[in-house]
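The values are calculated or read from the model by the stated rules, or taken from the named source; none is laboratory data. Computed from a prediction, not measured in an experiment: that's the story for all the values here. Neighbour counts are summed over all protein chains in view; Cβ atoms, including those assigned to glycine, are modelled from backbone coordinates with ideal geometry. Heads up: the accessible areas ignore ligands, DNA and RNA and are worked out on the full protein's heavy atoms, side chains in. Shrake-Rupley method; radii C 1.70, N 1.55, O 1.52, S 1.80 Å.
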Amino acid sequence: MKSEIENLKSKIALPVMEHFYTLQGEGYHQGKAAYFIRLGGCDVGCVWCDVKDSWDAEKHQKYEVGSLISEVRKTPSEIVVITGGEPLMHNLDELTSALQSAGFKTNIETSGAHPLSGTWDWICLSPKKFKAPLPDIIPLAHELKIVVFNKSDFDWAEKYAALVSPQCKLYLQPEWDNAAQMTPIIIDYIKANPKWELSLQIHKYIHVP
Ligand code: SF4
């Protein structure tokens, strides 16, 4: 029998590029099982973006909240990661409230370039130079993850490290296509600035989505 949550009549339907159960490959929760919901739509325009197919929200099938929760419930996942695209292009109040009511932890990965909506157990803020984050989300971040494409990204990283809360975890992550060149430079940077930790996209090394 369907639960009350699965039967709820959503006011909105969200464009979903893909959804899948896997291991979180990045940042603080790296290595943990998590259900990913990748929402369509992004206007940030990172030149090195590895999910450009996500940019056009119109290209992706819309899902009501109840049907998304039904999909997550087919797995034993305890964590649901909402990513994109830029997930905050959508109002996520209904989705996160329903997920939390169903017992899931709600994690988001966002550039912060759009107003924060939703209720979150974990906010991973990954600010992008191409469209800077709005100020309100910065002190709320549990994790700051800077994608390092070249050395100038260290200045960008330090700018936001100075703005997040003292408890916020700090990660530097090499941009995948540039990782061979940048990872040794990031390692040296972290050794000189040990408040930072290294984040690797381990899902790409272990070949899971
Ligand atoms: S914010 Fe994310 S999805 Fe959007 S362009 Fe940048 S890397 Fe791609």
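Data for the structure
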| read-out | value |
| --- | --- |
| For the stretch 1-123: span of alpha carbons on each principal axis (Å, largest first) | 46, 32, 22 |
| Cα centre as origin, Lys/Arg/Asp/Glu Cβ charges: the chain dipole, Debye | 180 debye |
| Estimated dipole of the stretch 83-191 in Debye, rounded to 20 [Cβ of Lys and Arg +1, of Asp and Glu -1, Cα centre] | 220 debye |
| Proximal aspartates and glutamates relative to K191, as straight alpha-carbon distance under 20 Å, when same-chain residues fewer than 8 apart are discounted | E26, E143, D153, D155, E158, E175 |
| Assigned charges on the beta-carbon of Lys, Arg, Asp, Glu; the stretch 41-88 dipole about Cα centre (debye) | 200 debye |
| Flagged links, alpha-carbon separation over 28 Å, of K52/K195; K74/K129; K74/K204; K59/K159; K105/K169; K32/K59 | K52/K195; K74/K129; K59/K159; K32/K59 |
| Those Cys residues of the chain for which no other cysteine Cβ falls under 4.7 Å | C42, C124, C168 |
| √(5λ) per eigenvalue of the Cα gyration tensor, the stretch 99-178, largest first, Å | 23, 14, 12 |
| Charge tally in the Cβ shell below 13 Å around Y160, where Lys, Arg are +1 and Asp, Glu are -1, Y160 excluded | +2 |
| Accessible area of the chain belonging to carbon and sulfur atoms, whole % at 1.4 Å probe | 54 percent |
| Percentage, to the nearest whole number, of Cα pairs in the stretch 54-132 over 14 Å apart | 62 percent |
| Net charge over other residues, Cβ less than 9 angstrom from the Cβ of P87 (K, R count +1; D, E count -1) | -1 |
| Virtual spin-label span in nm between K204 and D56, 7 Å along Cα→Cβ | 2.5 nm |
| If the convex hull is drawn through the Cα atoms of the chain, its volume per residue in Å³ | 114 Å³ |
